[in-house]
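The values are calculated or read from the model by the stated rules, or taken from the named source; none is laboratory data. These figures come from a predicted structure and were not determined experimentally. For neighbour counting, all protein chains shown are included, and Cβ atoms are generated from backbone atoms with ideal geometry for every residue, glycine included.
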Amino acid sequence: MEKDLRQSINKKWMLAGVTLKDPDTTYIEEGVTIGRDTVIGPNTQLCGKTAIGERCRIDGSAFLTDAEIGDEVHLRFSVVMTDCRVERGAIIGPFAHLRPGSNLGQNVHIGNFVETKEAKIGAGTKANHLTYLGDVTIGRETNIGAGTIICNYDGFNKYKTTIGDRVQVGSDTTLVAPISLGDDVYVATASTVRHDIAAGALVYNQRDERVREGWTEQKRKKMKGTKK
């Protein structure tokens with residue numbers, strides 16, 4: 001009975017102009033809505049009250065629950081989305097996780113191994129690699145570098161982070177909430193930021209780079225001498 005119901009739902013959406021690349025591995029619950037000319041890849045599950053706009057592309061292995069997706073959104077391979085909203089033209093994934101409360105503006109890019117939670121992200125902002133964005137509001141046209149982590153939990157409470165428009169956050173940055181970064185702030189690579197930063201400022205941690213010439217050869221000689 002479940003298989004018959006699933007086939008009936010899939011047929012309804014295909015007749016309505018939706019392309020299912022592999023109907024046998026596509027699971028669409030009855031409360032889901034899908035716009036015309038949307039293409040859905042294999043092994044996709046659309047659950048709850050998920051609403052997908054027109055001309056969207058879901059590459060496959062997606063798991064969506066109560067997600068609202070605007071027109072022309074591209075979900076790359078293996079995306080998980082729960083109780084979130086994504087506006088027109090956004091690109092998500094592959095291997096991205098949008099948790100409850102995520103609200104993404106137009107043309108936002110959320111890339112591989114990026115996780116969002118209670119995150120409001122402005123139009124055109126990008127976080128393309130290996131990043132956690134939790135309890136945060138981010139403005140427009142901001143770029144979040146690879147390996148950026150928002151430390152929103154101290155073991156007792158969760159705190160908010162605010163990031164302005166056109167901010168450039170360097171790779172391997174740690175933002176310790178509660179914190180606010182003004183518009184046009186630059187955060188240097190591998191910085192830990194603990195205090196509010198005024199608009200237009202550069203923030204960095206002073207670190208000396210030290211080089212020991214010939215270190216590798218000396219180390220190898222030492223290890224060979226101790227090898228049994």
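Overview of values
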| read-out | value |
| --- | --- |
| Matching option when the condition is within 19 Å of Glu68 (Cβ to Cβ), at pLDDT 95 or above and small (Gly, Ala, Ser), among Gly139, Gly111, Gly122, Gly145 | Gly122 |
| Residue pairs meeting the criteria (Cβ under 8 Å; at least 6 apart or on separate chains; first under 14 Å from Thr116 (Cβ atoms), in region 133-161; second assigned to a loop (DSSP other than H, G, I, E, B) and among the acidic types (Asp, Glu)) | Thr142/Asp165; Thr148/Asp172 |
| Selection from region 49-80 of residues that are touching a Leu at 6+ places or on another chain (Cβ under 6 Å), of a type outside the set (Ser, Thr, Tyr) and closer than 18 Å to Glu30 by Cα | Ala62, Leu64 |
| Selection count, region 95-137, where residues are of a type outside the set (D, E, K, R), in contact with an Asp or Glu (Cβ under 9 Å, 6 or more places away or on another chain) and at negative phi | 19 |
| So Ser171, is it more than 19 Å from Arg76 (Cα to Cα), part of a strand (DSSP E or B) and of a type in the set (Ser, Thr, Tyr) | no |
| Filtered residue count, region 42-101, keeping only those that are of a type in the set (Ser, Thr, Tyr) and either surrounded by 21 or more Cβ atoms within 10 Å (Cβ to Cβ) or under 15 Å from Ile121 (Cα atoms) (or both) | 2 |
| Enumeration of residues in region 112-157 that are crowded, with 22+ Cβ neighbours inside 10 Å and under 9 Å from the mean Cα position of the chain (by Cα) | Val114, Thr116, Ala127, Thr131, Leu133 |
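Condition check ((1) over 20 Å from Ile52 (Cα atoms); (2) out of contact with any Cys (no Cβ under 8 Å at 6 or more places or on another chain); (3) not polar (S, T, N, Q)) across all residues:
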| site | (1), (2), (3) |
| --- | --- |
| Ile91 | no, yes, yes |
| Leu104 | no, no, yes |
| Phe113 | yes, yes, yes |
| Gly134 | yes, yes, yes |
| Arg140 | yes, yes, yes |
| Asn152 | yes, yes, no |
